[in-house]
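The values are calculated or read from the model by the stated rules, or taken from the named source; none is laboratory data. Remember, it's a predicted structure, so these values are computed and weren't measured experimentally. Cβ atoms come from the backbone with ideal geometry, glycine included; neighbour counts cover every protein chain shown.
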Amino acid sequence: MTGDARLVALVEDDDDLRASTAQVLTLAGFNVEAFPAAAPALEAIGTEWPGIVVTDVRMPHMSGIELFRTLHERDGDLPVILVTGHGDVTMAVDALKAGAWDFLTKPFDPQALVAAADRAAMARGLVLDNRRLRAEAQAEEMTGLVGQSPAIRRLREMIPALANADMDLFIEGETGTGKELFARLIHRAGKRSRQRFLAISCGALPDALEDGLFAAGGEGSIAAANRGTLLLDDIDQASRTLQARLVPLVEERALRSSGVREPIPLDLRIIATGGADADGELSEKIAPGLFYRLAALRLRMPPLRERREDIPALFAHLAGAAAGRLRQPSPEMTASVRDHLSGHDWPGNVRELAHYAERFVLGLADAAPDPSREGDAPAETLPQRLDAFERDEIVAAVLAANGEIGAAIARLGIPRKTFYYKVHKHGIDLPALRKGAR
């Protein structure tokens, strides 16, 4: 338990009672900050107050009930113990229903106060520990958005505000720029983080699976994302039929399912992604009734060629992650790799860079060979390049699906038998890959 949770803000206008109560709490091992009125207490107790609050109810200018309500608005998890006279019990019970931690009636047993404060401090410590762990987890996730270019710094700074704004977003950008990663970072930083993040690859969704998507229940149904976040990935590649079915979902926040008479209301935060909007192509590919409802706020993920200063740090991050996932040591950087990082245009953006980092860790790719040796080996043939592309896309799909093979197959849009045939053909260690993805 976090030690600071043993800190008590004691608010009492009676000097003698304030001194005696502070002594009781101090002897019980609490650190006490005493205040003669609510106003100075409010100034000291900020939104990140690490301890608990014990306050009298009847005080001049601002009562303990008013103090509790103000503090509760700032932090609904802050334990507030009310000390009341007999005539204030009904008022205290109402406050208890509104979220106050506990109340004691005067004259109170000092041991009862200590017991209540102990329980409150224990609960506060757990809340503070959970907040710290969540912040650390979010900080680790934030490292996925690596870079110090102005565009990336701005996107990173926007995450806290976007996370709790609860408005629909449209993230546009070229393939592989990190649109889904950015959407996940927004989800994990907000109040919906404990609920489901359901990603639907609209461009790879077979018509046969659409009914399951709009079913009243099931793991793959939109209904499974209730109270969470729904990602409509590559919405610009969705069929017109799928787009038409999505319009009432986006507009009404209700799921219309076959066999169910009434629409099923859903609480959803919707984030959609689409390709780079060259010459207004997005508005042509997406039905207007859907596009303008989704695009309450449009954000753009920059391609790597526009933030080349980020490539070395991003490559180092991706190579370190690949080394840990594949349980391989990270090799020393070579001059040819550095030249390739700086000279290549990276049309596949971060996704292409991640595949290159993986090959680098496995010792399979010195993608920019020494010019003096270029004549020693012929360039890759078209079938070889296609095989490498297929292998990279399969690996990327499994990793993006967190090792869930069914989801990876859906992302790739190929039959299950074809998937396993290509896994065998390209020598992919599927069990190790799945383990590393989790």
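Listed here are the residues, each with its yes/no results for (1) under 26 Å from Thr177 (Cα atoms); (2) part of a loop (DSSP other than H, G, I, E, B); (3) modelled with pLDDT of 70 or more.
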{"position": "Ala379", "(1), (2), (3)": "no, yes, no"}
{"position": "Glu393", "(1), (2), (3)": "yes, no, yes"}
{"position": "Leu399", "(1), (2), (3)": "yes, no, yes"}
{"position": "Asn402", "(1), (2), (3)": "yes, yes, yes"}
{"position": "Ala408", "(1), (2), (3)": "yes, no, yes"}
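What pairs come out if I take residues in the range 59-81 that are under 11 Å from Ala100 (Cα atoms) and in a helix (DSSP H, G or I) and pair them with residues that are small (Gly, Ala, Ser) and modelled with pLDDT under 90 whose C-beta lies under 6 Å away, six or more apart or interchain?
Sorted first by the residue in the range 59-81, then by its partner, the pairs are Ile65/Ala95; Phe68/Ala95; Phe68/Ala100; His72/Gly99.
In this structure, is Glu251 in a helix (DSSP H, G or I), in the same structural domain as Ala401 (by TED's automatic domain parsing) and surrounded by fewer than 16 Cβ atoms within 10 Å (Cβ to Cβ)?
Answer is no for this residue.
Could you list, in sequence order, the residues of the range 261-280 that are surrounded by fewer than 14 Cβ atoms within 10 Å (Cβ to Cβ) and more than 26 Å from Asp166 (Cβ to Cβ)?
Arg261, Ala278, Asp279, Gly280
Tell me which residues, restricted to the range 81-116, are within 36 Å of the chain's Cα centre (by Cα), under 20 Å from Leu25 (Cα atoms) and not charged (D, E, K, R).
Ile81, Ala100, Trp101, Ala116
Write out, first by first residue and then by second, each pair whose Cβ atoms fall under 8 Å of each other, whose residues are 6+ apart or on separate chains, and whose first residue, in the range 327-339, is within 27 Å of Leu433 (Cα to Cα) and in the same structural domain as His317 (by TED's automatic domain parsing) while the second is of a type in the set (Gly, Ala, Ser) and assigned to a loop (DSSP other than H, G, I, E, B).
Pro331/Gly363; Val337/Ala367; Val337/Ala368
What residue, among those in the range 50-92 that are among the polar types (S, T, N, Q) and surrounded by fewer than 22 Cβ atoms within 10 Å (Cβ to Cβ), is nearest to Asp13 (Cα to Cα)?
Ser63
Please go through the range 203-230 and give me each residue that is in a helix (DSSP H, G or I) and at pLDDT below 85, ordered by number.
Gly203, Ala204, Asp207, Ala208, Leu209, Glu210, Asp211, Gly212, Leu213
Quick check, is Thr47 outside any loop (DSSP other than H, G, I, E, B), out of contact with any His (no Cβ under 6 Å at 6 or more places or on another chain) and either surrounded by 15 or more Cβ atoms within 10 Å (Cβ to Cβ) or β-branched (Val, Ile, Thr) (or both)?
no
Could you please give the count of residues in the range 160-179 that are surrounded by fewer than 19 Cβ atoms within 10 Å (Cβ to Cβ) and not hydroxyl-bearing (Ser, Thr, Tyr)?
7
Of all residues in the range 27-44, how many are in a helix (DSSP H, G or I) and either without any contact (Cβ under 8 Å) to a residue 24 or more places away in the chain or surrounded by 18 or more Cβ atoms within 10 Å (Cβ to Cβ) (or both)?
Number of matching residues: 7.
Being of a type in the set (Asp, Glu) and at pLDDT 90 or above is the filter here; which residues of the range 60-80 pass it?
Of everything in the range 60-80, just one residue is of a type in the set (Asp, Glu) and at pLDDT 90 or above, namely Glu66.
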